[in-house]
């Protein structure tokens, strides 16, 4: 069958899916090359297919929702009605990669009813964009359906061939994996060390990036994940069918819902070139506009932090080396300090001074609050209180000092995944922040979730993240969530939700086998499809032995220094850390200049060259300025690129400052070799770039008078 | 064996438990007639036995704790050391049944070590009182034990014979059952309709009241239940052995602990007469003294409430009859009122007027806040916000009105068991209370717990109740918890925790088969052993058809009116509701006089006559006054009692006002017939009382001049 694939979906309907039977109906929607067909099979089961021009993207695939009461939408349905409408609108994000976003789609709405009693109603909504499809299940208000429990979602994505896939294991609690690149037939996480939960071997997470042999780039994810668990995908390695697998709760149920309600959008981005996937705004467009009317307090920003020095074993989060403390019973002033607590007043002032001197907006301080002596791996509920500083962290003094320097301190709320504890202290924690002039918080969810049995990616936690986004917004607080579920474009709705980690960040280079050089070329096609990542780029001291020869032996960041600069452009985020230590930057202030210069908010973005797992070159135009910034990165292979600068404003001359890998640089042998040169260019110029193995280049273009 | 029971425990050690083997050691503690012996069997397993004079109370019974890591205390142990000490002290409760309490015990401390690696340490502490025994497991701070998970507690209570038992099923989520009275051999809840969770048929809850054929009254419960699940008991109907069964969490684990830690006290109250069981202060004595230094804001009190009119279908908690609302999305002012919402301003004022007129301190109002349209049975997380009143409940106006009348409004926080929701809103809810002059809250936990998979009686919820007691104390708020775990004497530690429901209250008479007349004679021997109950006595309108003939057909309270009065004395609580409607009381103001008069705090208490399941006569002396109050109740059988008044102060004359069942009164045929008579008495008098079937008598003794 796979070799005799018919080109028209209506013919397809007579193949594998509903062999020998006639369909009841077929409805279509399309936008440019993308078309979607919906059909009810003779057995009443709904299905859809997607094609890109003549090429099938998704073969006929079932849709369905099973309920705990046994009366869900996994049985025969009857078509009640349908309609098609066209939408073409433009909106402006509070911050982002581009100044304005076009939302242009054809929508097919299909209203269905259970053929058997109780005759519940289901609406399927499909939106077809020029770069893909989004669809969701909607459960309208109706007498026969009020409260219900989703036991299973039976959404299929039947792929037409054995695509190349970029995937991570279907862990319910962590997405901090390196990517495996295999054919669908070879998806198997059995040999991969679990970070939290052992995944079923053929279960993978989204965003799932796929590349077909006939030249299509397909990305499967979801948009607007609210009040529902994250969707993972079970891969059939024989048929190349994917099937939704929702993250369960402690009892194995998937979602407790109340009509009217709808699922998140299931998204399929498709293009015939890789850059178009990265340029897609489909996921953002499927999210709700923000309800915030006053957003002037939301500031994209760069920050330094008392953070990397803990990762490189130069300092500690904990104040003392005692273990087995109880939050309520401990007199922290009586503990013996270990002498290398990072978040001490003097050290924090050093970071404030650095931020002030080099124009970075804020300073994150981790380990400022009591509880770090035994915060991890104990599944301990009363772990942090979020308001009590260690004896050597002078809250008021630092507040005053930072204010005098025009720098903001950034709050840190590590929860240790004791989320019940955090929730009951959130009000007090935010009052503390407001009382001490903090307006941004980095949250963390390391470890196993409490309520015990819940998962990071389940409905209960999804609601926690969204509630926290809303609650911080209510308090005019910006938020950056680490170890959360991966994002799904909700930063459109909650623009104070600046970033997430929710993937394997730069930090893994400090204490694991690290991130392979290809890692940063894959992330934009996977994790970043849902939203900005706080990847924490900017590590200059690549070899980490220097900080602590004993404990960091052989550890290093798996890029060149120049590539660390390029990441500020290739990994979009309105919140970018300059992650290294001030003393590391002070050794290379010429290179640090790029971090000082590079914006975190943009009027325009162009993806010039991209191939997942191989390379990525991106340019962006600074918000409200005639400046452009380019980032180019490569995997473990050296590359030469000739970049046409036709994105520059014609007739304007620019000084390009090129931060490039040094001669003979490579990520493993000579990572810190870089060279900086300046050239005058205009829109007719071509810029040659040489990227070292694991290397990159960063370029700033600033206008100069003729 | 059972028939050849040796009298001395040391001989017992060679019987069934460790047949044919010698024990390694035996340690004893005793107080008056009660003695306890601890021994390690040759296999290294610890055990204890209890006797009362020559009579065995608990035969040699194993002790043990199993841990999730497999290295708990269920294997061989070695005796490290032991000591015995005597304690005799007296303390004054903030409120209570008596003015001061003697705490007199001999304590045996046994220090044990695992015979095999890792050689963890366990301490067993036994306290032997004249009226029973308490013991607990203590896990000292030690390098080999920091964080640990209790998977099972293996405490046995091997009873010497087939006692009569008063029991309710081992439901993890509800204790609102009528009591079954059977021999241990006949314990079987298979036929009993579950309220929440179906219990294992031979699993029962504590307090478990037992009566032996040789005249001992034995009560098994626990004291100071903190950071641990409630203990249920599995009954071996062949051997009459009881074994602890801890309520599990969502994953089947029992308790997540951190050393140093200890379990609650396991308590065995024993006496050769029933009144002595009720007089026991053993459970209170095993609780920690309060840490509150300022307690003047804690006021024992009587209250009326907009409450019973909902139970008798005269009014509703909900404001409108729409269902399927969402808290955040609903404009409550736009709903159509159903016309019989109880918590409307005018109606509340009527209760305030009534309370003011008759000297009751406060007015509870249920259904004042939005969310009652579909609050129950939906396992809905966002169910109440605790701060938004219905449109017809004028918060500020009622605050002002109540203050002008010298009456307090009592807050109501029904959580619908969505405890995560309550916890994240508790701070705001208590601020709301303080802003509106509320200083007491009745909480409720109807339905299935969220976090889903947790139980009312599991560790997580136990911690919630205790945390709420502490948090309300921090805010100078008194608390009364309904549908909570049953109490274990924690009101000594948290005297603002005035009462719990945590059993089958009077309300069941309104909408179920009701509470049988014996119910109130059993509760003091079971549920009330742990602490005060908000039973809501004082229903005068016994037949409920009168309120709503259609919906209440055949419903009635299963007592006489006079027995309702007696309950104010027999069921001790510092918080007593006058539960009926003002219009019911206004029909019987002569009888209502007793409710006006009866105190809720006492200097002294005497249990004059008692037999569980049959009858109970109690007298108490008012706090700081020369007044005594007597309550006498019976089961379905009429009884005559001659009460010797030798508790009265010799030489003092009193006017006794006797509120007795009327001629031919009986709970089912003529429940509202009562007679009030006044006689002059002194300490040499004897008062004849005639109790009708399901009846009772209440008497006030006020001093008169000669």
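Just so you know, all these numbers are worked out from the coordinates, no wet-lab data involved. For clarity, every value in this text was computed on a predicted model and none was experimentally measured. Note: ideal-geometry Cβ built from the backbone for every residue, glycine included; neighbour counts use all protein chains shown.
What ratio of Cα Rg to 2.2 N^0.38 Å holds for chain B?
Taking N as the residue count of chain B, the ratio is 0.96.
Mind sorting B:644, A:334 by how few other Cβ atoms lie within 10 Å of their own Cβ, fewest first?
A:334, B:644
Can you give the FRET efficiency for residue B:182 and residue B:511, using 1/(1 + (r/R0)^6), R0 = 25 Å, r = Cβ-Cβ distance, to the nearest 0.05?
0.40
Using a/c under 1.5 as the rounded threshold, could you call segment A:243-302 rounded, prolate or oblate? The axes a ≥ b ≥ c are square roots of the C-alpha gyration tensor eigenvalues, and prolate needs a/b larger than b/c, oblate otherwise.
Since a/c reaches 1.5 but b/c is at least a/b, the shape of segment A:243-302 is classed as oblate.
Can you tell me the relative contact order of segment A:534-643? Whole percent, Cα pairs under 8 Å, sequence separation 6 or more.
24
Put a dot 7 Å past each Cα toward the Cβ at residue B:26 and residue B:437; how far apart are the dots in nm?
My value for the distance between the label points is 6.7 nm.
Measuring from a point 7 Å out along Cα→Cβ, what nm distances, shortest first, does residue A:330 have to its partners in the other copies?
4.4
Over segment A:554-706, what is the mean sequence separation of C-alpha contacts under 8 Å (at least six apart), divided by residue count, expressed as relative contact order in percent?
31 percent.
On C-alpha positions alone, give me the angle between the axis of helix A:395-405 and the longest principal axis of chain A, in degrees, nearest 10.
It is inclined by approximately 90 degrees.
Order of B:209, A:533, A:672 from fewest to most other C-beta atoms within 10 Å?
Lowest count first: A:672, A:533, B:209.
For helix B:561-570, what angle does its Cα long axis make with the longest principal axis of chain B, in degrees from 0 to 90 and rounded to 10?
Helix B:561-570 and the main axis of chain B meet at about 40 degrees.
May I ask for the equivalent-ellipsoid semi-axes of segment A:4-285, computed as the square root of five times each C-alpha gyration tensor eigenvalue and listed largest first in whole Å?
Sorted largest first and rounded, they come to 26, 24, 21 Å.
List the distances, in nm and shortest first, from the label point of residue A:649 to the matching label points in every other copy, placing each point 7 Å from Cα along the Cα-to-Cβ direction.
For residue A:649, the inter-copy label distances come out at 9.8 nm.
What is the spread of the Cα atoms of segment A:124-228 along each of their three principal axes, largest first, in whole Å?
Answer, in whole Å and largest first: 49, 36, 20 Å.
If R₀ is 22 angstrom, what is the calculated FRET efficiency for the pair residue B:116 and residue B:154, using the beta carbon separation as r and rounding to 0.05?
0.80
How many angstrom lie between the C-alpha centres of segment A:576-643 and segment A:501-562?
So the two Cα centres are separated by 15 Å.
Please compute the average number of Cβ atoms from other chains found within 10 Å of each residue's Cβ in peptide A:414-423.
2
Order the peptides B:78-85, A:582-589 from the highest to the lowest mean number of other Cβ atoms within 10 Å of their residues.
A:582-589, B:78-85
So for chain B, averaging the separation of alpha carbon pairs under 8 Å that are six or more residues apart and normalising by length, what relative contact order in percent results?
Rounded, it is 11 percent for chain B.
Could you rank the peptides A:416-429, B:384-397 by their average count of other C-beta atoms within 10 Å per residue, with the highest value first?
A:416-429, B:384-397
I'd like the distance between the alpha-carbon centres of segment B:36-90 and segment B:399-430, rounded to an integer number of Å.
Between the Cα centres of segment B:36-90 and segment B:399-430 lies a distance of 45 Å.
What area, in nm² and to one decimal, does the C-alpha convex hull of the protein assembly as shown cast on average over all directions?
It is 57.1 nm².
Test of understanding: extend the Cα→C-beta vector of residue B:338 to 7 Å, then name every residue of segment B:358-372 with backbone N under 15 Å from that spot.
Those under the cut-off are B:366-372.
Rank by packing, highest mean first: peptides A:620-627, B:680-687, B:616-623, A:29-36, with packing defined as the count of other Cβ atoms within 10 Å averaged across residues.
Highest to lowest by the protection proxy: B:616-623, A:29-36, A:620-627, B:680-687.
What nm value, rounded to one decimal, do you get for the distance between residue B:33 and residue A:322 when each label is placed 7 Å out toward the C-beta?
4.9
Measure nothing but the geometry: give the 0 to 90° angle between the long axis through the Cα atoms of A:419-435 and the longest principal axis through the Cα atoms of chain A, rounded to 10°.
Roughly 50 degrees, rounded to the nearest 10.
Classify segment B:153-293: rounded, prolate or oblate, from the alpha-carbon gyration tensor (a ≥ b ≥ c, eigenvalue square roots; a/c under 1.5 rounded; otherwise prolate if a/b is larger than b/c)?
Note, shape of segment B:153-293 comes out oblate.
When Cβ neighbours within 10 Å are restricted to other protein chains, what is their mean count per residue of peptide B:243-256?
2
Using a 10 Å cut-off around each Cβ, can you sort A:448, A:431, A:677, B:266 from fewest to most neighbouring Cβ atoms?
Going from least to most buried by this count: A:677, A:431, A:448, B:266.
Looking only at other chains, what is the average number of their beta-carbon atoms within 10 angstrom of each beta-carbon in B:371-384?
Partner Cβ neighbours, averaged per residue: 2.
Could you check the spin-label model distance between residue A:684 and residue A:669? Points 7 Å from the Cα along Cα→Cβ, value in nm.
Result for the modelled spin labels: 4.1 nm.
Tell me, what is the FRET efficiency for residue B:550 and residue B:640 to the nearest 0.05, using R0 = 51 angstrom and their Cβ-Cβ distance as r?
With a Förster radius of 51 Å, E is 0.80.
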